[in-house]
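Single-structure report; data block below.
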Amino acid sequence: MAGHFEATPGGGAAVALDEVEVAILRSLAVQLLELIGPGDEPAEGEDPLAALFAEGPSEPPSDPALARLFPEAYGDKDDELRAASAEFRRFTENDLRTRKRDDALAVVRTLDGLSSVGGSGAVLRLDAGECRNWLGTLNDLRLTIGARLEVSDEDGGEEGSLYRLPDTDPRKPMVMAYLWLGGLQETLIETLMP
């Protein structure tokens, strides 16, 4: 089980994590929460129902990592598609941010709830709902780190070149996290497939 998720009864999954892995995962999830930003809470005395119908931004984020997390719906090839993307973003981005924030908070809470096993680590056990939270956050973390590393879908074999970075390359720790998160994500997906 070390290093990869395994299926558990009831549609859940489990993985053994050492203390360093727990600390890294928690730190990355907290950084993701900071990147996504706080939720829009209604001001004191305002109608909470109004917050449900608040419109979001219509412009894409300028930060490349946020742009990967909240991409354009229809591309930006012409004015009509840009206008459709802006309209779509205005009505969906707040909900998407909330879901991503909820997923990351669930990851932090499950990590905070771990009990140490022999002082060297713990076994993280997730139910089916927590597995979905974890999948969302693992994906968001990989998208964010990939944006920082400037990895894109068009790169094709770029991920293979990440394995060959010299240890002296300052990107090496981020690359190692990117690849490790990918392994976790892949094994979690495999446990959830029938």
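Between residue 193 and residue 18, what FRET efficiency comes out of the Förster formula 1/(1 + (r/R0)^6) with R0 = 25 Å and r the beta carbon distance, rounded to 0.05? Before the final figure, lay out the partial values.
Details: r = 27 Å, r/R0 = 1.06.
In this case the efficiency is close to 0.40.
What does the extension gain come out to for residue 63 and residue 112, with contour length at 0.36 nm per residue minus their alpha carbon separation? The partial results should precede the final answer.
Numbers: separation 49, 0.36 × 49 = 17.64 nm, distance 2.93 nm.
Computed gain between residue 63 and residue 112 is 14.7 nm.
How far apart, in nanometres, would the label points at residue 96 and residue 35 be if each is projected 7 angstrom from Cα along the Cα-to-Cβ direction?
For the pair residue 96/residue 35, the computed spacing is 1.4 nm.
Give me a comma-separated list of calculated 3J(HN,Hα) values for the stretch 178-194, in order, Karplus coefficients 6.51, -1.76, 1.60 applied at θ = phi - 60°, integers in Hz, x for any Gly or Pro.
Calculated HN-Hα couplings, in order: 4, 5, 5, 4, x, x, 4, 4, 4, 5, 5, 4, 4, 5, 8, 7, x Hz.
If the chain between residue 78 and residue 26 were fully stretched, how many nm would it gain, using 0.36 nm times the residue separation less the Cα-Cα distance?
Gain on extension, residue 78 to residue 26, equals 14.6 nm.
Starting from the Cα-Cα distance between residue 179 and residue 6, subtract it from 0.36 nm times their residue separation and give me the gain in nm to one decimal. All intermediate terms of the calculation are to be shown ahead of the outcome.
Details: separation 173, 0.36 × 173 = 62.28 nm, distance 1.85 nm.
Full-extension gain reported as 60.4 nm.
Readers should treat all values here as calculations from the given coordinates under stated rules, not as data from a laboratory. Just so it is clear, the structure is predicted and the values come from calculations on it, not from any experiment. Every residue, glycine among them, receives a Cβ derived from its backbone with ideal geometry; neighbour counts consider all protein chains shown.
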